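S.K.: This structure is in structure tokens; I'll ask about it shortly.
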Amino acid sequence: MSRYDLLQEYNYVPRLRPSSDIESTPPETVTEERNRAAQVWQALQADPEQLLNDRIELEKRDRALIAARKQVFAARTDADSLRTELTQAQKERFNNPMVYSLGALAAVSFAGWIFQRRQLRAREDMPADTAPIPVLAGPIAFPPAVESTAVSQFEESEMDVLEDEAAQWIERARVAVPSPR
């Protein structure tokens, strides 16, 4: 069979085609095939030791990539657990009534302590002659036996002096202790 017979068999007529029919850039499949062919050619031309070194390097990179992925996964799970703990802590931060009651008790105790300290210092700073005398609500009633012995021991003039001193002390107490208004 000659070439001429084959052309007639397929009804192929050789002719020139215009340049607009020919694609100027090869399709993607052609570039992919060329890249594969170039890789095969490089693999065929490469030194066996170089291929072994490349394979070892790829395995190292794969192990490093797997380790990095594990670290990222562990970091994500840690971050998620910390995030849930944080939201739970924020929800429970001030919801405990025991915290409020203990805080109020501490504040009241502190205020009472301050009040006592001020009262104690006010008493210490006051001179002895102006110290407040407790004012009794009514006249002092002595038992009859004491009253008779007290009158018999003192004379009338001494009783007047004692009454004057008592009146002075009562007046000082009224000046030192302000009346409630």
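The values are calculated or read from the model by the stated rules, or taken from the named source; none is laboratory data. Everything quoted here is computed from the prediction, not taken from an experiment. Accessible surface is based on the protein model in full, side chains and every heavy atom, while ligands, DNA and RNA are left aside. Shrake-Rupley method; radii C 1.70, N 1.55, O 1.52, S 1.80 Å.
S.K.: Please find, among Glu147, Glu171, the residue that is part of a helix (DSSP H, G or I), acidic (Asp, Glu) and at pLDDT 75 or above. Break it down into steps so the answer makes sense when it comes.
M.R.: Values: Glu147 fails: at pLDDT 75 or above.
The conditions single out Glu171.
S.K.: Determine which member of the set Arg117, Arg55, Arg83 is closer than 30 Å to Ala173 by Cα and open to solvent by 70 Å² or more (accessible area, probe 1.4 Å).
M.R.: Sole residue among the options that is closer than 30 Å to Ala173 by Cα and open to solvent by 70 Å² or more (accessible area, probe 1.4 Å): Arg117.
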